[in-house]
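Okay, structure first, notes after.
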């Protein structure tokens with residue numbers, strides 16, 4: 001029989017040979033014979049159309065999500081992509097991938113999220129990341145897996161322009177004085193001197209540091225761009241590292257002998273408030289480091305290598321901080337001749 005119950009199970013199972021020679025075997029997920037028979041007939045009809053009319057087999061959204069994530073195991077973004085696809089699975093559960101339209105997907109984008117028991121609106125940037133994930137899934141389904149004929153075009157939402165947040169050296173000194181925890185203070189000071197991301201600082205190991213050669217390095221699997229980063233150490237960075245000697249044999253920055261497993265956001269905000277600094281995250285320490293470099297004359301191409309950015313475009317957002325190289329061209333639009341200097345005898 002094409003549908004039957006397995007021993008010890010109340011659920012009906014489908015088992016039939018498709019016209020193309022393949023075999024279809026799966027659970028119906030129901031103990032109702034009529035429902036099971038309807039699903040059987042539907043699948044058999046689809047198999048006939050695939051074999052005789054050349055139609056593509058149908059694949060539901062959950063199948064696509066599972067394959068998409070499986071092919072990205074090991075990537076740093078897989079956890080966030082899994083959460084985003086879990087959301088979309090709740091919207092498009094059981095839907096044929098080929099049936100999804102641009103209008104449906106744009107309308108299904110989340111508007112807010114529950115945080116600390118309250119709803120908070122999502123930014124356009126966050127919603128664009130949801131779009132990026134489902135767009136990549138549908139492109140794979142069309143171009144790599146040949147599951148659908150064409151992926152719908154999904155436009156980016158317009159994001160407001162955001163200024164790079166950085167602080168002055170005097171503000172940075174006030175912030176460091178306001179941080180009462182030694183480990184947090186040294187991690188922050190090291191960030192101002194190296195521009196390393198928070199995760200790279202908190203998990204930095206002594207095996208990644210050469211105090212004699214005055215350098216450290218971030219391994220490819222630890223870097224956001226998945227490329228190794230060489231970190232030259234200036235004298236202030238070396239002084240910070242020397243203070244950590246003897247606290248742990250493995251990790252550089254530790255509190256009570258253990259690396260920080262999470263950043264204490266509360267005491268960070270307290271220190272910022274005490275230092276008179278508003279709207280400043282730890283990641284803005286990296287922005288500050290980059291801004292100081294540009295203002296100090298470091299070429300953008302050099303800054304790209306120092307910061308481990310994947311593309312040159314990612315450092316262009318700091319270019320406006322040092323327009324000195326354009327000063328010689330400013331006189332090209334003068335409406336009046338500049339006054340001539342007269343020598344005085």
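Computed from the coordinates by the stated procedures, all read-outs in this text should not be read as laboratory data. What you see is a predicted model; the values in this text were computed from it and never measured. So basically every Cβ, Gly included, is an ideal-geometry build from the backbone, and we count neighbours across all protein chains shown.
The table below gives the values:
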{"item": "Sum of -39500 (n - 2.57) over DSSP H runs of 4+, divided by residues of the chain (222 nm, nearest 500)", "result": "-12500 deg cm²/dmol"}
{"item": "Alpha-carbon radius of gyration plus Dmax, which is the widest Cα pair, for the range 61-144 in Å", "result": "13.0, 41"}
{"item": "The chain: angle of helix 169-178 to the longest principal axis, Cα-based, in degrees nearest 10", "result": "70"}
{"item": "Computed over the range 132-224: relative contact order in percent, which uses C-alpha pairs under 8 Å that are six or more apart", "result": "12"}
{"item": "Computed over the chain: relative contact order in percent, which uses C-alpha pairs under 8 Å that are six or more apart", "result": "11"}
{"item": "More than 19 angstrom apart: percent of Cα pairs within the range 67-218", "result": "69"}
{"item": "Tilt relative to the chain, helix 33-53 - C-alpha long axis, 0 to 90 degrees, to 10", "result": "80"}
{"item": "Cα-only Debye scattering, the range 188-287: base-10 log of I(q)/I(0) at q = 0.15, 0.24 Å⁻¹", "result": "-0.65, -1.42"}
{"item": "Overall Cα dimensions of the chain - principal axes, largest extent first, Å", "result": "111, 64, 42"}
{"item": "0 to 90° range, to nearest 10: angle between helix 235-244 axis and the chain longest Cα axis", "result": "60"}
{"item": "Fully extended contour minus Cα-Cα distance, from residue 153 to residue 38, at 0.36 nm per residue", "result": "38.0 nm"}
{"item": "Gaussian network model of the chain, Cα within-10 Å springs - most flexible of 67, 25, 185", "result": "25"}
{"item": "Protection proxy ranking of 32-45, 196-209 - average other beta-carbon atoms within 10 Å, highest first", "result": "196-209, 32-45"}
{"item": "Part-to-part distance (alpha-carbon centres) for the range 84-125 and the range 129-166, which is given in Å", "result": "13"}
{"item": "Distance-filtered residues of the range 123-145 - backbone nitrogen under 15 Å, label point 7 angstrom along residue 101 Cα→Cβ", "result": "none"}
